[in-house]
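Structure first, then comments.
The values are calculated or read from the model by the stated rules, or taken from the named source; none is laboratory data. Keep in mind that this is a model prediction, so the values were computed, not measured. Here the Cβ positions follow ideal geometry from the backbone for every residue, glycine too, while neighbour counts run over all protein chains shown. Quick note on the areas: whole protein, heavy atoms, side chains included, nothing else; ligands and nucleic acids left out. Shrake-Rupley method; radii C 1.70, N 1.55, O 1.52, S 1.80 Å.
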Amino acid sequence: MTRLRLLSLFLLIAFPVGAAEEPTGYRESEYRAEVPATLSGATVVSTETAYALWKTGRVAFIDVLPRAPKPEKLPAGTVWNEKPRLSVPAALWLPNVGYGRLADIMQSYFRVGLEKATGGEKDRPVLFFCLDGCWMSWNAAKRALEYGYTHVFWYPQGTDGWTSAGYPTERLTPEPGGQ
């Protein structure tokens, strides 16, 4: 193999084509888009690694998929059936904490949820996920690092990668207190 071909192959492996550049701040729009390959201070994990971490039972899994609000002005008597969230078994669902900007009440909700998931131990491993190509999990993992959590994992393929691999899922209900 020529040096040029070898260099090209190395660059494709080291710098995936299409991966977004890691921003210094939070992503505040277009949350379903190409995500970075990195998150400074966190460990980015593959589907297989996420599954291996889940099997240990020692890593807190946090699902941050946003929750659709109940439509306003539904006619009286209309039944509202929220879409079920099938996710990683035993994960804690903290919806809406992955936005680029959070109101104080949502910051508090996120902190309380993290404390519950980790038993208040900021050095307990915690893994954040959403869907494939969703910036919500990237933002949430970044925010957890800023809150002082020291063993943060980010799983960018989220439940799309998890279910595609055939791993088990269960229906989650959102942690109470979020908006």
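Sub-7 Å Cβ pairs linking a first residue in the stretch 34-45 that is in a loop (DSSP other than H, G, I, E, B) to a second residue that is at pLDDT below 95 and open to solvent by 70 Å² or more (accessible area, probe 1.4 Å), at least 6 apart or interchain, number zero. Conditions first: (1) outside any loop (DSSP other than H, G, I, E, B); (2) on the phi > 0 side of the Ramachandran plot; (3) among the acidic types (D, E). E48 passes all but one, so which condition is the exception? Just one mismatch for E48, condition (2). The single residue among G113, G148, G100, G120 that is touching a residue at least 60 places away in the same chain (Cβ under 8 Å), part of a loop (DSSP other than H, G, I, E, B) and of a type outside the set (F, W, Y) turns out to be G100. Picking from residues in the stretch 55-97 that are outside any loop (DSSP other than H, G, I, E, B) and without any contact (Cβ under 8 Å) to a residue 40 or more places away in the chain, the one that is most open to solvent (accessible area, probe 1.4 Å) is K55. Filtered by the rule that a residue be out of contact with any strand residue (DSSP E or B) (no Cβ under 9 Å at 6 or more places or on another chain), among the aliphatic types (A, V, I, L, M) and more than 26 Å from T24 (Cβ to Cβ), the stretch 79-104 gives a lone residue, V79. Evaluate the following for Y109: is it of a type in the set (F, W, Y) and within 23 Å of D160 (Cβ to Cβ)? So Y109 fails the test.
Just one of the numbered conditions (1) part of a helix (DSSP H, G or I); (2) surrounded by fewer than 19 Cβ atoms within 10 Å (Cβ to Cβ) is not true of P174: (1). Does T163 fit the bill of being at pLDDT 95 or above, in a loop (DSSP other than H, G, I, E, B) and surrounded by fewer than 19 Cβ atoms within 10 Å (Cβ to Cβ)? Judged against the criteria, T163 is not a match. For W138, the conditions (1) farther than 13 Å from D63 by Cα; (2) open to solvent by less than 60 Å² (accessible area, probe 1.4 Å); (3) under 16 Å from the mean Cα position of the chain (by Cα) all hold with the exception of (1).
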